[in-house]
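Visitor: The structure under discussion is supplied below as structure tokens; questions concerning it will follow.
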Amino acid sequence: MASITIQVKGIDRLRRKLTGIQNGIPPELMSAMNKAAAVVNASAKALVPVDTGALRNSIHTKRAEVSGDEVTSGVVTNKEYAPYVEFGTGSRGGSPAATKLGISFNRDFKGQVAQPYLYPALRQNRGKINEIVAKAVVTATRKG
């Protein structure tokens, strides 16, 4: 009868490292989230349609925050017309009822065609974001 034996050395050390990560968010992950948001920010600024430049200049990153067991960061703008650019309006835009923004329009208004820039910026950088975060997790688990 043939048998295979597998021996894993250092399992206690790995368990301590993983527990350490669970007990607090490593600074490497916070940094990675900020870096990932900066990547999306740069892409959004490159993709946003420019008229006066006010919308592009208002796009900025939201620093990483911890809430419970989640770390979040973001790319935001404070221009109230930003959702109308991203999703469009009226009959030419997407379906405003399908968004959480509660955008309403007059049926005889032709509307504005959607010119998305935030979601495409996120989508086109998904792989890079995963790479940045994965690298941070590896670095955090190798410490100690």
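The values are calculated or read from the model by the stated rules, or taken from the named source; none is laboratory data. Just so it is clear, the structure is predicted and the values come from calculations on it, not from any experiment. For neighbour counting, all protein chains shown are included, and Cβ atoms are generated from backbone atoms with ideal geometry for every residue, glycine included.
Visitor: I'm trying to understand the selection: among the residues of the range 60-76, which are among the β-branched types (Val, Ile, Thr) and free of Cβ contacts under 8 Å to residues at least 40 places away in the same chain?
Guide: Matches in the range 60-76: THR61, THR72, VAL76.
Visitor: How many residues does the range 49-89 contain that are of a type in the set (Gly, Ala, Ser), surrounded by 14 or more Cβ atoms within 10 Å (Cβ to Cβ) and part of a strand (DSSP E or B)?
Guide: So the count comes out to 3.
Visitor: Now for a different question. Could you list, in sequence order, the residues of the range 47-59 that are hydrophobic (A, V, I, L, M, F, W, C) and either in contact with a strand residue (DSSP E or B) (Cβ under 7 Å, 6 or more places away or on another chain) or touching a residue at least 24 places away in the same chain (Cβ under 8 Å) (or both)?
Guide: Let us first name the residues in the range 47-59 that are hydrophobic (A, V, I, L, M, F, W, C), namely 47-48, 50, 54-55, 59.
Once the filter is applied, which keeps residues that are hydrophobic (A, V, I, L, M, F, W, C) and either in contact with a strand residue (DSSP E or B) (Cβ under 7 Å, 6 or more places away or on another chain) or touching a residue at least 24 places away in the same chain (Cβ under 8 Å) (or both), the range 47-59 yields LEU47, VAL48, ALA54, LEU55, ILE59.
Visitor: So, one more: Return the only residue of ALA46, ALA121 being surrounded by fewer than 15 Cβ atoms within 10 Å (Cβ to Cβ), in a helix (DSSP H, G or I), hydrophobic (A, V, I, L, M, F, W, C) and at pLDDT 90 or above.
Guide: When all the criteria are applied, what remains is ALA46.
Visitor: Take VAL39 and tell me if it is within 23 Å of ALA140 (Cα to Cα), at pLDDT below 90 and not acidic (Asp, Glu).
Guide: Values: within 23 Å of ALA140 (Cα to Cα): yes; at pLDDT below 90: no; not acidic (Asp, Glu): yes.
So VAL39 does not fit the description; no.
Visitor: Does the range 2-16 contain at least one residue that is surrounded by 10 or more Cβ atoms within 10 Å (Cβ to Cβ) and at pLDDT 75 or above?
Guide: Among the residues of the range 2-16, not one is surrounded by 10 or more Cβ atoms within 10 Å (Cβ to Cβ) and at pLDDT 75 or above, which makes the answer no.
Visitor: Do the conditions hold for PRO116, that is, is it modelled with pLDDT of 90 or more, touching a helix residue (DSSP H, G or I) at 6+ places or on another chain (Cβ under 8 Å) and part of a loop (DSSP other than H, G, I, E, B)?
Guide: The answer is yes for PRO116.
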